[in-house]
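Note sheet for the following structure.
Every number here is computed from the coordinates shown, using simple stated rules; none is lab data. In this text the structure is predicted, and so the values were computed from the model without any measurement. Because the Cβ atoms are built from the backbone with ideal geometry, glycine has one as well, and the counts that use them run over all protein chains shown.
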Number of protein chains: 2
Amino acid sequence: MAGTDSTKTPSLSHSLSPRPAIILVEPQLGDNIGMAARAMLNCGLEELRLVKPRDGWPSDEALAAASGADGVIEKAALFDSTSDAIADLGRVYATTARPRDMTCRVTTPTGAAKEIRQFLGAEGEAGGKVGILFGREAKGLKNDDLALSDALIMIPVNPAFSSLNLAQAVFAVGHAWFGLGEDETSETELAMPKETRAAEKAELEGLFGHLEEELDEAGFFHVTEKRPVMVRNLRNMLQRAGLTEQEVRTLRGVVTSLSAKRKT
Amino acid sequence: MAGTDSTKTPSLSHSLSPRPAIILVEPQLGDNIGMAARAMLNCGLEELRLVKPRDGWPSDEALAAASGADGVIEKAALFDSTSDAIADLGRVYATTARPRDMTCRVTTPTGAAKEIRQFLGAEGEAGGKVGILFGREAKGLKNDDLALSDALIMIPVNPAFSSLNLAQAVFAVGHAWFGLGEDETSETELAMPKETRAAEKAELEGLFGHLEEELDEAGFFHVTEKRPVMVRNLRNMLQRAGLTEQEVRTLRGVVTSLSAKRKT
């Protein structure tokens, strides 16, 4: 395809607005990371986060495959786990090309793009941040990663051949974001009082940890094999509520209150 | 990304309708041809035409990079010139990621997709066919190729980094075409496993009542005037999660379990 027009300055029409981070979870090939970085920059996205890339980091293959999107590769941040990678984010989307057997809010790339622009517009000054998770090449995201997310972006593809190249998936979502005008917003929105803000993932993680600790003590997870699934389901349903920071504190109060021995 | 669902038959919702052919003009790397074929099949497109591929044809690299879209590669037709490749077509589009210094009708991938569906719908039975031209990797299409086309599809990308991978360009156009065929469903929906259903309001009410009763007993609402607001806030956040009937039961279990601990 056509090359970059070097007479243009590298400013975007959206250059001053905040943009979502792209998070690749356990990507395998440096090649794919590089192509994803190139696809990101095609769509004006620059913040790349990597969770445990299989072949190590930095990667010469990634840099070569980025075909000039060197800055995205060089500034990529490395994390040990998905929850570390999303800790400072206010909203997280997970991507998939096939339906999952899980209760979750599902949207399209365009639907997500509208929501993201709206969320960043509303939260921008307060520092709300958005990230989009992409799974490893062959298998996609694990259900545990999905449970950390607020909604699922399902990329509509041929159901008989839904195996999407990683960079292609990044492009499908990024391009929907890029193509949207700044003034286009989602019809449905989550209004929230001015004095609060969306909970950050680290705050949610704190709530989940607190709840699970108390439930462990109370013997709720008495069938040990079922614990992981039950934990995931609990996290998933609380996640979906789109909690504010204030609400997370309220729920922690609820957990403490219910489990505290009655004062007599 | 997620794999192909082998339980699905390879038929598309659009399977009986005619579809545009993808024409790669002088593609250089077999790898890129293969990735383009994969992107095509992701979007339900199967007819690939090649004009003078630099490294010859057939290509093992192309077959490997197609990642399963073998049929597209194997049925690809070879041509000596762009005009040979489009001879039987009723309408031809050329793609580019940068403005051209030429007078021509320019549209977006979505705009072209609408036109193509309309053209094929009207002309389908009479045998009208559509093709979309993509240029070589580094330089894009020549002006001579553009002159053979009815309109230009300009793929909107970051003007400061418009160098699109060939397969990415094919996907951008193909996906717009594929996406139009989807039923006009809401962009966002709540997916849930088959064996459960959305909780009824009475079930939610039961959960709320249960929770509030235990919180009353635990002394959570110790500032009596604040009770109504706190109750409303709790109901509101749980409401927003869009709970299933199964999840309501799980949360009731959580409340019971935490409270039992308090009571021991």
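Summary of computed values
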read-out	value
Pseudo-label separations to other copies for A:T224 - Cα-to-Cβ vector, 7 Å, nm	4.9
Neighbourhood charge, 11 Å Cβ-Cβ cut-off, centred on A:G34 and excluding it, Lys, Arg +1 and Asp, Glu -1	-3
Label 7 Å beyond Cα on the Cβ vector: A:G253 copy-to-copy distances, nm	2.9
Cross-link pairs beyond the 28 Å C-alpha cut-off, checked among A:K114/A:K142; A:K201/A:K226; A:K129/B:K226; A:K142/A:K226	A:K129/B:K226
Gyration tensor (alpha-carbon) shape descriptor, segment B:203-264, a/c threshold 1.5	oblate
Shielding score for B:250-261, defined as the mean number of other chain Cβ atoms within 10 Å	6
Sequence of A:C104, B:C43, B:C104 once ranked by neighbouring C-beta atoms within 10 Å, starting from the fewest	B:C104, A:C104, B:C43
At 7 Å out from Cα toward Cβ: A:L78 inter-copy label distances (nm, ascending)	4.6
